[in-house]
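The values are calculated or read from the model by the stated rules, or taken from the named source; none is laboratory data. Remember, it's a predicted structure, so these values are computed and weren't measured experimentally. As a convention, Cβ positions derive from the backbone with ideal geometry for all residues, glycine included, and neighbour counts pool all protein chains shown. Protein only, heavy atoms only, side chains kept; ligands, DNA and RNA dropped before computing areas. Shrake-Rupley method; radii C 1.70, N 1.55, O 1.52, S 1.80 Å.
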Amino acid sequence: MAVTTRLAWLHEKILQNHFGGKRLSLLYKGSVHGFYSGDLLDRCCNQGPTLTVIYGEHRIIGAYAEESYQERKAASIILFALQETKISEWKLGLCTPERLFCHDNVKYNSTTNFQIELRNRKVIMGSKTTEDLGLVQNCTISIQDCEVFRCEDLLDERKIKGVTELRKSLLSALRTYEPYGSLVPQIRILLLGPVGAGKSSFFNSVKSVFQGHVTHQALVGTDRTGISEKYRTYFIRDGKDGQYLPFILCDSLGLGEKEGGLCRDDIFYILNGNIRDRYQFNPMESIKLSHRDYIDSPSLKDRIHCVAFVFDVSSMEHFSSQMIVKIRRLRRELINAGVVHVALLTHVDSMDLITKGDLIEIDRCVPLRSKLEEVQRKLGFALSDISVVSNYSSEWELDPVKDVLILSALRRMLWAADDFLEDLPLETGNQRKVIIKCAQGRKL
C-alpha cells in the first residue's frame, strides 16, 4: 500500500515555491515507519536536499537541508514555520543529522537552538528561534507526525527532454495536418470571447511558435478594454519553409455585457463566411448586406469550421450573470447550427502558486482542475473540450512548456474542425460530393 503525505495541497505548493520550485517525494513517515531517528536517517541519508515536516497540534514546522544528510557530516539547515498560508524561516546554519534528530542520545544544545526528538515525540527550540519563526512562546512542540521528503527540481533534465520531444512531435503533426476529406485547403478557427480575454494574444503566440521567435503582429491591449475592432483573418507562414500553414485564425471584436461588443448577427455572418478580412465592426449594428465587405455567396472554404471561446482564467469567478447567459445562449445557437466549438483558458500562469511544473501535469494540478470544472459548471463545456494556455506577452524567448500548451490547444481545435467537416449534412443529391466537386473546381 502506497504511503501518502498528510500535507495539504495548498501547504505543499507553498513549501515547493518557497524553497525554489521543488517536487516533494515522500521518503519517511513517522506514523508508518516508526518514530526512531535511526530509521529516519537510514531512509533519508544520501538522498540530496530534503524537507522535514513536523505536524504539531496547531502548526507545521520543519527543516530544509540544502545538501544530503550524511553520517556525522554537517549540512546547512533552514528552519521554517507554516501558519495557514504564511511561511517564515530562520537559518539554523550547519548541523549534523545526529544532532538535528537527537540520534545516539545526542543531547539538546542551547547553542543549536533546535532539536527533533522523535523517540519522545517532541521538538525543542530556544526562545530566540521561536521568536524568529513567529511562533508563540512555547519552546516545546508535541509531534503528531513527521515526514521527510526528497526535494527535486520540478523541471529536471528528463522532464525538459520529454517536453522538448513533445513540442517537436506536435509541430510536425500540425505542419503536415490535412483537413478532413480535403474539403478545404485550410481550417478557419474563430476566436470568440469577452473583451480582453486574450484572443489576439493567442494568435500572436501561435505565430511565435511557428516562426521560432516571439512576435506581436496583432495589437494587444494592456487592460480589459481590448483593442480588436476589425475582423481579421490571419494566415500564418511556417518559419521553417515559408509555406502557409493549414489553418487560419480569425479574430474579432470581443463580446460585451449588455450593449457594445460584437453584434449577435455579425457572429453568424462570420460563421457563414459573409464578412471579409479587415471589416470594421460597428457595435451598434451588424453589417449591411450592401457593404463592400459583405460576401454574398461564400463557399465552404470561407466558412468558420471551429469556434474557440477564449476566457481569461482569472475572470471566470467574476463573470456577470448577463455574460453567462449570453455565452450559454450563443452555445445553444451554435449547437443548433451544427458548429463545433471548444473553450480556451488563458493566463493560467498568473494563478496563485502555479509553477511551470504544474503546466506539464495539468490533470494533477488542483486549482487548474477546479477552474476547468468551473467553466463546465457555469458555461456547459465538456472537460475534454477545454484547453489551457499561457500566451506570450512580455517574454523575449520561446519556452517549450508554453509551446506545448499552445500547440496542444491548436491541435484540439483542428480535431474539432475535422468533426465539423465529417458531419456536413448529405442533402439534395449528396451535398458532400457537390461540395467536394465545387472545391476541386475552384482549386481550393
List, in order, the whole-Hz ³J(HN,Hα) value for each residue of the stretch 170-183 obtained from phi through the Karplus relation with A = 6.51, B = -1.76, C = 1.60 and θ = phi - 60°; use x for Gly and Pro. 5, 4, 4, 5, 6, 5, 9, 4, 10, x, 3, x, 6, 5
Express in nm, to one decimal, how much length is gained between residue 278 and residue 257 on full extension, taking 0.36 nm for each residue of separation and deducting their alpha carbon distance. 5.2 nm
Going by amide H atoms built from the backbone, whose H comes under 5 Å of the H on residue 122, apart from near neighbours? 117, 143
Relative to the compact-globule scaling 2.2 N^0.38 Å, provide the ratio for the alpha-carbon radius of gyration of the stretch 252-326. 1.23
Along the charge dipole of the stretch 282-327, Cβ charges K/R +1 and D/E -1, which of 324, 311, 297 sits furthest on the positive end? 297
Amide H within-cut-off set for residue 392, under 5 Å, with H built and near neighbours excluded: 205
What per residue convex hull volume, in Å³, do the alpha-carbon atoms of the stretch 276-316 yield? 115 Å³
Over all distinct alpha-carbon pairs, what is the Kirkwood Rh of the chain in angstrom? 25.3 Å
Compactness of the stretch 252-399, expressed as Rg and Dmax over alpha-carbon positions, Å: 17.5, 53
Average accessible surface area per residue within the stretch 10-135, 1.4 Å rolling probe, Å²: 45 Å²
Return the lysines within reach of residue 301: Cα separation strictly under 20 angstrom, same-chain partners fewer than 8 residues apart disregarded; answer none if there are no such residues. 433, 437, 443
Given backbone amide H placed at 1.01 Å from N, residues whose amide H is under 5 Å from that of residue 93, ignoring those fewer than 5 places away on the same chain, are 77
Reachable lysines, given that their alpha-carbon falls under 19 Å from the alpha-carbon of residue 73 and they are not under 8 places away in the same chain: 91, 107
With unit charges on the beta carbon (Lys/Arg positive, Asp/Glu negative), name the residue among 242, 351, 172 whose Cα is farthest towards the positive pole of the charge dipole of the chain. 242
Along Cα→Cβ, 7 Å out, is where each label goes; now give me the distance between the ones at residue 88 and residue 411 in nm to one decimal. 4.8 nm
Given Cβ point charges of +1 (Lys, Arg) and -1 (Asp, Glu) and nothing else, what value in debye, to the nearest 20, does the dipole of the stretch 25-92 about its Cα centre take? 40 debye
If you plug each phi of the stretch 373-380 into the Karplus form 6.51 cos²θ - 1.76 cosθ + 1.60 with θ = phi - 60°, what whole-Hz ³J(HN,Hα) values come out, in order, with x for Gly and Pro? 5, 5, 5, 4, 5, 7, 10, x
With residue 317 itself left out, Lys, Arg at +1 and Asp, Glu at -1 over residues whose Cβ is under 10 Å from its Cβ give +1
Measure off 7 Å from each Cα along the Cα-to-Cβ vector at residue 333 and residue 294, then give the distance between these two points in nanometres to one decimal. 1.7 nm
For the chain, which span is the longest to avoid every loop-located (per DSSP) member of GluC sites (Glu not before Pro) having at most 10 other Cβ atoms inside 10 Å? 85-258
Hits among lysines - C-alpha to C-alpha of residue 402 under 27 Å, sequence gap 8 or more where chains match: 13, 22, 159, 161, 168, 199, 207, 240, 356, 371, 378
The stretch 1-156: Kirkwood hydrodynamic radius (Cα pairs, Å) comes out at 15.4 Å
Net charge near residue 214: determine it from the other residues with C-beta under 12 Å of the C-beta of residue 214, scoring Lys and Arg +1 and Asp and Glu -1. -2
So, in Å, what gap is there between the alpha-carbon centers of the stretch 186-201 and the stretch 284-303? 19 Å
Residue 39 label point, 7 Å along Cα→Cβ, cut-off 11 Å on backbone N: hits in the stretch 54-77? none
Residue-ordered couplings for the stretch 297-313, obtained by feeding phi - 60° into the Karplus form 6.51 cos²θ - 1.76 cosθ + 1.60 and rounding to whole Hz (Gly and Pro as x), are 10, x, 9, 4, 5, 7, 6, 7, 9, 7, 10, 10, 6, 10, 10, 6, 4
Rounded, prolate or oblate, given the Cα gyration tensor of the stretch 339-427, with a/c below 1.5 counting as rounded? oblate
Counting other Cβ atoms within 10 Å of each Cβ, which trypsin sites (Lys or Arg not before Pro) in the stretch 260-368 have at most 11 and sit in a DSSP loop? 278, 288, 292
